[in-house]
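A quick write-up on the structure given underneath.
Just so you know, all these numbers are worked out from the coordinates, no wet-lab data involved. Computed from a prediction, not measured in an experiment: that's the story for all the values here. Positions of Cβ are generated from backbone atoms using ideal geometry, with glycine treated the same way; all protein chains shown enter the neighbour counts.
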Amino acid sequence: MQTLLGGEEISLLRLDGESETARVRLVPVREYLRYLELLMDDAALAEFLCEKPKGWADNFSWTELSKILRLGDQLNLDFFGQWLQRRVSLQRHLLPPELAALASPTPSPNAPPISASPSTKPPA
């Protein structure tokens, strides 16, 4: 149903105590590059998802912004993830073999193992 409507309405509580309704949208494929750019800027991403002006997100607590971001993830990540995987695969395919090896998520057989935590052994 959300796909047909292009998004979903969400009720938010502003820092001034007033309620506001915003529409979290399905991001069109043409805007995926912008979506990718904003993934590390939560306030800008919330504004993008709701098609609001810069600074709008400053009116909300982190709790309210996280509601927008979670709904945005629910609406967009499946399609966006497929789009991103396709782009990564295409880039690997187009790279010369020596650069493709560097872009591969598979570690080199000569690379040292990666441990989850630093060693507690004293140096020898």
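State the percent of C-alpha pairs, over all pairs in segment 2-97, separated by a distance greater than 22 angstrom.
Every Cα pair in segment 2-97 considered, those over 22 Å come to 33 percent.
Kindly state, to the nearest 0.05, the FRET efficiency for LEU94 paired with LEU39, given R0 = 22 Å and r defined as their beta-carbon distance.
0.40
Mind checking the full-extension length gain between LEU15 and TRP62? Use 0.36 nm per residue of separation minus the Cα-Cα distance, one decimal, nm.
15.9 nm
In nanometres, what is the gap between the two model label sites at LYS52 and GLU31, each 7 Å from Cα along Cα-to-Cβ?
It works out to 1.4 nm between the two label points.
For the peptides 77-90, 32-45, what is the packing order when you average, over each peptide's residues, the other Cβ atoms within 10 Å and list the highest mean first?
Peptide ranking by packing, descending: 32-45, 77-90.
Given H placed on each backbone N at 1.01 Å, which residues far from LYS52 in sequence or on other chains put an amide H within less than 5 Å of it?
Correct list: empty.
Of the peptides 56-63, 22-29, how do they stack up when ordered by the mean number of other Cβ atoms within 10 Å, highest first?
The peptides rank, most packed first, as 22-29, 56-63.
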